[in-house]
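Some notes on the structure that comes next.
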Amino acid sequence: MNLDIEKAKKRLDKIINKSRTRFYKPIQIAEVLYHSRVDSNIDTSNKEDYRIKSKLWRDQVTNRLLHQSSTSSSRFQDDIWNDNAMPPEILKVLDNFNKKNSGVVEKYIYDKFKEKLGTISSIIQIVMVGVSSPNNFQLENLLSLFRQEAGIKRSIDKCYEIITYSLLETVVNQLEAEITVKIPPKNYLLLQEFSDLSKVLLNVNSEKPEWTELAHIYRVGVTNAADRGLDMWANFGLVIQVKHLTLNSEQVATIVDQIESDHIIIVCRDADASVISILMKQIGWGKRVRGIVKESQLVEWYNRCLRGKFSHQISRPLMTLLQQSFEEEFPEVTEIIEFCQERQYTEIKLPQMWQ
């Protein structure tokens, strides 16, 4: 095995190991290799041959496998072809090896993807067992598995987000809390003057000066690893930021500064809660943070929902929403299996170095 392909594989492995479960960048590389192999009209040493096209090819695959496509900026997506990632000279080495071996590098990338989805699938299985037997579900075990499995460790923020969302939305639903928007009678003339604007902005007008709806928590959706935007919001003015990665004072300040709300909840590990508390006392935005939710509190609230005095009412809705949220965030592995069969990757045997 020549040294060039060994170096190229190490660079590819570095990108794979840094990738989250969405696997956008490795799939983008795989699709360039695939189209270079089957189309024979792509020069992988010239990134302008595939820089733009590769995003479309990648999105076609991820839309099928994940029901999602990258929402990152074009510049962020183009970073994959930079010198410190997968520059054309290294991609060319992989391309040549891939063509000589009938798509072996493509298979290798998608096998790694299956491994990550397989781990997620085991997570979903644990939650499914919890749906049928909520009393036996232990949140600590789920969090521990996310930390131990190297393949999904970088996605633990998403795990935290799903766990937090499922808990908050379930409790809010069970409380049947209501939100009312109401214009006081003294402002009815002003409301009449701006009836068209208030209808769009507040869903009220002079004929209907108030309305009520049930309170809900909403997830913003999938964000890329570089984002620091909000994770969840409520229709009663609350925004929620979930962070499991270790925080420092600068990161905390950035989180709060970037969220335009005076009602912020930060969900974090117990160890980071003290950092945030100190900053709240030192910096003027402290009053904007309504509260800090620690991991130990999440565990306690889950225990209360699943084994407390109201568990008969709350436990099953909570576990059902938790399962649905994980399945939406991390789709089942059946799609990737069918995809690999169609591409005939299942017939390719990996060389020793690639096993």
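Just so you know, all these numbers are worked out from the coordinates, no wet-lab data involved. Values in this document were obtained by computation on a predicted structure and should not be read as measured data. We place every Cβ from the backbone using ideal geometry, glycine too, and count neighbours over all the protein chains shown.
Worth pointing out:
- Percentage relative contact order, the chain, counting C-alpha pairs under 8 Å, at least six apart: 19 percent
- Here the calculated FRET efficiency for Leu175 and Thr346, from their Cβ-Cβ distance with R0 = 51 Å, stands at 0.55, rounded to the nearest 0.05.
- Percent of beta bridges antiparallel (DSSP, the chain, rounded to nearest 5): 55 percent
- In a fully extended conformation the segment linking Lys186 and Ser45 would gain 43.6 nm over its present Cα-Cα distance, using 0.36 nm per residue.
- Comparing the chain with the 2.2 N^0.38 Å rule of thumb, its C-alpha radius of gyration ratio is 1.19 (two decimals).
- Value of [θ]222 nm, deg cm²/dmol, for the chain, DSSP H segments ≥ 4, -39500 (n - 2.57) each, nearest 500: -18000 deg cm²/dmol
- Within the same chain, aspartates and glutamates fewer than 8 places from Lys116 are excluded, and of the rest, those with a Cα less than 12 Å from its Cα are Glu149, Glu332.
- Rg ratio (alpha-carbon, reference 2.2 N^0.38 Å) - the range 118-195: 1.86
- Under the Debye formula (equal points on every Cα, no solvent term), log10 I(q)/I(0) of the range 3-100 at q = 0.15 Å⁻¹: -0.55
- Of Lys9/Lys112; Lys47/Lys112; Lys112/Lys158; Lys9/Lys53; Lys10/Lys92, those spanning more than 18 Å from alpha-carbon to alpha-carbon: Lys47/Lys112; Lys112/Lys158; Lys9/Lys53
- Over 30 Å (Cα to Cα) - which of Lys25/Lys294; Lys7/Lys349; Lys208/Lys243 fall in this group: Lys25/Lys294; Lys208/Lys243
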